[in-house]
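Following: one structure in C-alpha cells, then a few remarks.
The values are calculated or read from the model by the stated rules, or taken from the named source; none is laboratory data. Model, not experiment: these values are computed from the prediction. Heads up, the Cβs are rebuilt from the backbone with ideal geometry, glycines too, and the neighbour counts pull from every protein chain shown.
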Amino acid sequence: MAPVEVSDLSKRFGTRVAVDHISFSAEAGEVFGLLGPNGAGKSTTVRMLCGLLLPTSGVARIAGHDVARHPVAARRRLGAVLGGERSLYWKLTGREYLLYFAALYGLRGADARRRAGDLLARFRLDDRADELVERYSTGMKQRLALARSMLADPAVLLLDEPTAGLDPVSARLLRDEVRAVAAEGRTVLLTTHYMEEADELCQRVAFVTGGRIVALDAPGALKRRLGGGAVCRVELAGWRPDLSLPGEAVAIGEGRWELRVPVSDPAAELPALVAQAAQAGAAVLRCESVEPTLEDVFVAVAGQALRA
Amino acid sequence: MAVVAAAFGRDRRIFFRYRLQILRIVLDPLVWFAPLYFLGRAFGGGPFRDYTSFALLGVAVTSYIGTVMWGIGFSLKQDMDTGVLEANWLSPASPSLQLLGRVVWSLVLGTAESLLSLGLAGVVYGLQGQWQALPRALAYIGPMLVALYGFGLGFAGLVLVVRQANTITDAGQFILSTLSGQSMPVGDLPRGLAALAMALPTTYGLDALRTLVLGGAPLLPLPVEQRLLAIMAAALAAAGAAVFWAVERHVRRAGTLALH
Amino acid sequence: MSALWAGVRRSLLMKLRYPDFWFAYLAWPVIFPAAYLLTAGALAQGGHGFAGYRADIVSGTLMWMWVNVTCWSVGGALRQEQTGGTLESNWSSPAARWALLTGPALTDIGLSLAGMVLGALECTLLFGVRWAAPWPVAAAVAVASVPWVLGVGLVLAAMVFWAKDVSVMVNLVRGLFMVACGITCPLAVLPGWLQRVGGALPMTYALDAMRGGPWGTDLVRLLGFDVGLAALGALLFAGVEASVRRRGALGTY
Ligand SMILES: Nc1ncnc2c1ncn2[C@@H]1O[C@H](COP(=O)(O)OP(=O)(O)O)[C@@H](O)[C@H]1O
Ligand SMILES: [Mg+2]
C-alpha cells in the first residue's frame, strides 16, 4: 500500500466545489507534485490529507490510515508545512519552538532535545537556535517550519507552496532539502504553481485545475505528449478568438497575447505560423521555438495558463 | 500530560517576552477597581460596613472571569490569525489537551493577578477583614475555578466560530462580573437578573469568600453553596468540553481554521 | 478628500459586516452604565440621595465608552493593517496617508458617538435620568469633543505602532481616563493628586459641562485640547510615516 492514497476525494464549501473527485497515490521516496493555478484546489487537498479539513466524500489514507476515521494514527506518520512562516511563534526561539512541537508529537526529555538539536543542525539553524524567531530571515523561518514537520520522523511530508515568497537562492536551497528528505525514503507531496519547480523536483506531477486532476505523469512523459517536437511561441498584438489561429493564446499583458503551438518541425512551421498570423491581421511582436516546458503541456491540457 | 505541560510552557515563555503584558496584569485590577471605589466614597460607603473590602474581593474573584475569557478566547483568536493554530492541530496531540495547558497557565496568571490586586489595594486603599480565612475559602474557589474553565472551553468554541473576539470578550467579562455580585449584593439586582446571577458559579464562590472574610450572612447556607459549586463544576466542565469538541468537528468540516 | 471618503465607506462596510456590530452599538451602551447605576442604587440605601447622581454616572460611563471604542478601533486599525499586510497596499496608493487613517477613524468616532447618544436616550427612558445640562450644551460638548477623541485615537495608533501591542496600550490609555476623570462620581470625590491628573485630561471638562458645571469655560478648554491633541496626533503620525519609509511597514512584526 502506497504511503499516500487518495481515492475519489471531494470537498464542497456550500455550493462551491473546491476538490472534485480526485484520486492518486504517491510512493515511498517519491516527490509528487500537485501543480495548478491559484484556486485550483491544491491547498484544500493538502488540508484534507492533514485531517484539518474533513472531506465531503472519498477517502485519504496516510501510511494506510484513513485520515478522517483515524486522524491521530495518520498524523503520527505525517509532517506538514502549510502556512510556512505563518506557522511560527515569533516570541519563541527556534529551539523552544521545536521542543514545544516535539512534546505534541510525544517526544520527551533527552529524546526531544536530541531530535531538536539534530534538526536544527540539519537545517543549518544551529548557530541561531537560541534567538527569537522574529529575528530570522524568511528563508530561516521556512527551514524552521520544515524542521518542525520532520520532528515525528514522518513517512509522509506535505508541503503547501514551500517556496512561495523565497528568493531564488533560498528557494533552490529548500528544493535541495526536499530532495534529500525524499532520498531518505519518505514520500513528499508538494503543491506549487511554479512549473520549473515541479519539473525539477517531482518524479510525478498531477495537473490540477477547477478541483480536478486533468493529467498525471512524470514530467518527461507529460512533455512527450506534445509530440516530442518543440513549441512555437508567437507574441501578438491584436489577437482575437475569431482569427482561428492554431494553438492556445495566453494573455500576457495589456493587449498582448502569446500563441503557443506544439510543432514537430519548427524550422518549417514557425515561419508559416508567423505568416498566418500576419495574414489574419495580428501584429507579430516576437517569435521563437523552444523545448516544451511543463507549462506548455499545462496550457495544452488545461486550456489555461498557470499564472494568470 | 506532556502536551499540557508543553502548551503551558509555551504560553508562559511567550507571556514573559511581551514585557508590556505584565504591566497590564498589574494595573488592570487597580484601574477597574477605581470607579467602584470612588462611587463607594461618593456615597460614604452606603449601608456597607466596609464597601472597599467588599468591592475589592469582588474584583479579585471576578478577575478570573477576565483571565479565562482573555487568556483562552482572545489568545486562541490570535493564534488563528497568525496561523500557528493549524500547525498545532495537525499534530497528533488533541486540541482539548493543548487548550488545557493554556488554561492552566491562565489559572496561574489569574491567581497572581488576584493576589496582587488584593495586596496592592491593601496598601493603597487600606483593608479590614479576616484575611486568615483565605485558605478556607479555597474549598469554594477551587470548584468555582473548575466550573469557570469549563465555561472557558465553551467560550473558546464560540470564538472559533464567531472569529471575532474583542467586543464579546470585553462585554461578556463585564456582564458576568456584574451579575456575580462584583460591586453589589446579588440581592439588590432586579429580580430577573438576580435569578440569572444565582445560576453563576462565581456568585457562590464570591459570596462564600465574602462571608468567610468579611462576616455577614451568606446567600445560601455555606454547605449548600459548596455542594452547588461542586455540581456546577462537574456540569460546566462536561458541557464546555462537549461544546469545544463539537466546534472542533465543525471547524474541520468548514475549513475555517486559517482564514480570517 | 476622495481618499477620505473612500476610507469612510470602506470602514462602514466592514463594520456592518461584523456580527457584533449591533450589540456593540445598541446594547453595550446601556449595559455598561446600568451596572454602575445598579451599584449606586445599592449604595444609596445608606440614606444618601441618588436621583441627581444618575446623570453623572450615565454621562461619565458613556463618555468613557466613547473613548474606549475609539481607542480600540482607531488605535487598533493601523496595527491590524500592519500585520494583515494591507498597510503596504493602501500606502502605496497615491492618496495622502493621513487621509487614509483619519477617514476610517472619523467613521468609527461618528458611529460610536451615535451609539453613545442612543445609549443616553435609552438610559433616560429606562432609568429616568434627569440631565443637568440643557441639550444644546450637551450637543456643543459632543461636537467639541470629536477632535480631541480623534487626537487620542491617533496618539494611541502611533503608540501601538511602536509598542506593537494593542491591548496593553489601549488598557493604559483608557485606564488613565477611567481612574482620573471621575467617570462614576464628581471630580471632587477624587483625592487631590488624582484631581490634578484629571485636570490634564479633556474628558474631565467635557464631563464637567455635562454635569452642569460652567460650560463656557469648559468649552474653551475643550477647544484648546482639540488643537493640542490633534497637533500631537499629527506629529506622532508623521513620525510613524517616516519610520515606515525608513524601515518598511512590517518592520520586525
Ligand atoms: N474555507 C473555505 N470556505 C470556502 N471556500 C473555500 C475555503 N477554502 C478554499 N475555498 C475555495 O476553494 C477553492 C480552492 O482553494 P484552494 O484549495 O485554496 O486553492 P489553491 O491552493 O490551489 O490555490 C477556491 O475557489 C477557494 O476560494
Ligand atoms: Mg493554496
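Key figures for this structure:
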| quantity | calculated |
| --- | --- |
| 1 or more residues among the hydroxyl-bearing types (Ser, Thr, Tyr): qualifying helices (runs of 4 or more DSSP H) within the stretch B:144-216 | B:166-179, B:201-214 |
| Filter pass, C:VAL240 being at pLDDT 85 or above and either over 22 Å from B:ASN166 (Cβ atoms) or in a helix (DSSP H, G or I) (or both) | no |
| Any hit, the stretch A:2-10, residues being part of a loop (DSSP other than H, G, I, E, B), within 16 Å of ligand 2 (Cβ to nearest atom) and buried (at least 24 other Cβ atoms within 10 Å of the Cβ) | no |
| Search result, residues across the stretch C:24-72 that are modelled with pLDDT under 80 and among the hydroxyl-bearing types (Ser, Thr, Tyr) | C:TYR25 |
| Options A:ARG108, A:ARG128; residue that is under 28 Å from B:ALA7 (Cα atoms), away from ligand 1 (no atom under 16 Å from the Cβ) and buried (at least 18 other Cβ atoms within 10 Å of the Cβ) | A:ARG128 |
| Criterion: more than 16 Å from ligand 2 (Cβ to nearest atom) and at positive phi - qualifying residue of A:ASP153, A:ASP176 | A:ASP153 |
| Of all residues making up the stretch A:179-199, the number that are away from ligand 2 (no atom under 16 Å from the Cβ), of a type in the set (D, E, K, R) and closer than 28 Å to A:ARG61 by Cβ | 4 |
| Residue in the stretch A:2-19 that is at negative phi, more than 16 Å from ligand 1 (Cβ to nearest atom), at pLDDT 90 or above and aliphatic (A, V, I, L, M) present | yes |
| Filter result for B:GLY150 (within 13 Å of the chain's Cα centre (by Cα), buried (at least 21 other Cβ atoms within 10 Å of the Cβ) and within 30 Å of C:VAL69 (Cα to Cα)) | yes |
| Search result, residues across the stretch B:64-109 that are away from chain A (no Cβ under 12 Å) and over 27 Å from C:GLN80 (Cα atoms) | B:TYR64, B:SER96, B:LEU100, B:VAL104, B:LEU107, B:VAL108 |
| Any hit, the stretch B:13-23, residues being polar (S, T, N, Q) and closer than 26 Å to B:LEU138 by Cβ | no |
| Residues (hydrophobic (A, V, I, L, M, F, W, C) and closer than 22 Å to C:ALA99 by Cα) located in the stretch C:129-156 | C:VAL143, C:ALA144, C:VAL146, C:TRP148, C:VAL149, C:LEU150, C:VAL152, C:LEU154, C:VAL155, C:LEU156 |
| Some residue of the stretch B:232-245 being within 14 Å of chain A (Cβ to nearest Cβ), surrounded by 14 or more Cβ atoms within 10 Å (Cβ to Cβ) and within 16 Å of ligand 1 (Cβ to nearest atom) | no |
| All positions within the stretch B:169-191 that are touching a residue at least 40 places away in the same chain (Cβ under 8 Å) and within 9 Å of chain C (Cβ to nearest Cβ) | B:SER177, B:GLN182, B:SER183 |
| Residues satisfying the stated conditions in the stretch A:25-44, i.e. of a type outside the set (A, V, I, L, M), closer than 16 Å to A:THR187 by Cα and either outside the structural domain of A:LEU189 (by TED's automatic domain parsing) or within 15 Å of ligand 1 (Cβ to nearest atom) (or both) | A:GLY33 |
| Any hit, the stretch A:144-152, residues being within 16 Å of ligand 1 (Cβ to nearest atom) and not in a loop (DSSP other than H, G, I, E, B) | no |
| Filter pass, B:ARG210 being within 30 Å of A:LEU54 (Cβ to Cβ), away from ligand 2 (no atom under 16 Å from the Cβ) and of a type in the set (Lys, Arg) | no |
| B:PRO35, sole failed condition from (1) within 11 Å of chain C (Cβ to nearest Cβ); (2) modelled with pLDDT under 85 | (2) |
| Residue within the stretch A:209-219 that is part of a loop (DSSP other than H, G, I, E, B) and within 16 Å of ligand 1 (Cβ to nearest atom) present | yes |
| All positions within the stretch B:130-158 that are modelled with pLDDT of 85 or more and aliphatic (A, V, I, L, M) | B:ALA137, B:LEU138, B:ALA139, B:ILE141, B:MET144, B:LEU145, B:VAL146, B:ALA147, B:LEU148, B:LEU153, B:ALA156, B:LEU158 |
| Extreme residue, surrounded by the fewest Cβ atoms within 10 Å (Cβ to Cβ), among residues of the stretch B:12-32 that are more than 10 Å from chain A (Cβ to nearest Cβ) and of a type outside the set (A, V, I, L, M) | B:ARG19 |
| In the stretch A:37-68, residue farthest from ligand 2 (Cβ to nearest atom) [restricted to those that are surrounded by fewer than 22 Cβ atoms within 10 Å (Cβ to Cβ), outside any strand (DSSP E or B) and away from chain B (no Cβ under 14 Å)] | A:GLY64 |
| Qualifying residue in the stretch B:58-74 (condition: surrounded by fewer than 18 Cβ atoms within 10 Å (Cβ to Cβ) and among the polar types (S, T, N, Q)) | no |
| Residue that is farthest from ligand 2 (Cβ to nearest atom), among those in the stretch B:217-260 that are closer than 23 Å to B:VAL186 by Cβ and of a type in the set (Val, Ile, Thr) | B:VAL224 |
| Tally, over the stretch C:157-169, of residues that are out of contact with any Leu (no Cβ under 7 Å at 6 or more places or on another chain) and part of a helix (DSSP H, G or I) | 4 |
| Options A:VAL72, A:VAL59, A:VAL46, A:VAL67; residue that is under 16 Å from the mean Cα position of the chain (by Cα) and of a type in the set (A, V, I, L, M, F, W, C) | A:VAL46 |
| In the stretch A:111-143, the residues that are in a loop (DSSP other than H, G, I, E, B), more than 14 Å from chain C (Cβ to nearest Cβ) and under 28 Å from the mean Cα position of the chain (by Cα) | A:PHE123, A:ARG124, A:LEU125 |
| Test: C:THR204 is part of a helix (DSSP H, G or I), out of contact with any helix residue (DSSP H, G or I) (no Cβ under 7 Å at 6 or more places or on another chain) and more than 26 Å from B:ILE22 (Cα to Cα) | no |
| Selection from the stretch A:48-63 of residues that are within 10 Å of ligand 1 (Cβ to nearest atom) and at pLDDT below 90 | A:LEU53 |
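Listed here are the residues, each with its yes/no results for (1) within 16 Å of ligand 1 (Cβ to nearest atom); (2) crowded, with 19+ Cβ neighbours inside 10 Å; (3) in the same structural domain as A:LEU98 (by TED's automatic domain parsing).
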{"residue": "A:LEU157", "(1), (2), (3)": "no, yes, yes"}
{"residue": "A:ALA164", "(1), (2), (3)": "yes, no, yes"}
{"residue": "A:ASP176", "(1), (2), (3)": "no, no, yes"}
{"residue": "A:ALA180", "(1), (2), (3)": "no, no, yes"}
{"residue": "A:THR187", "(1), (2), (3)": "no, yes, yes"}
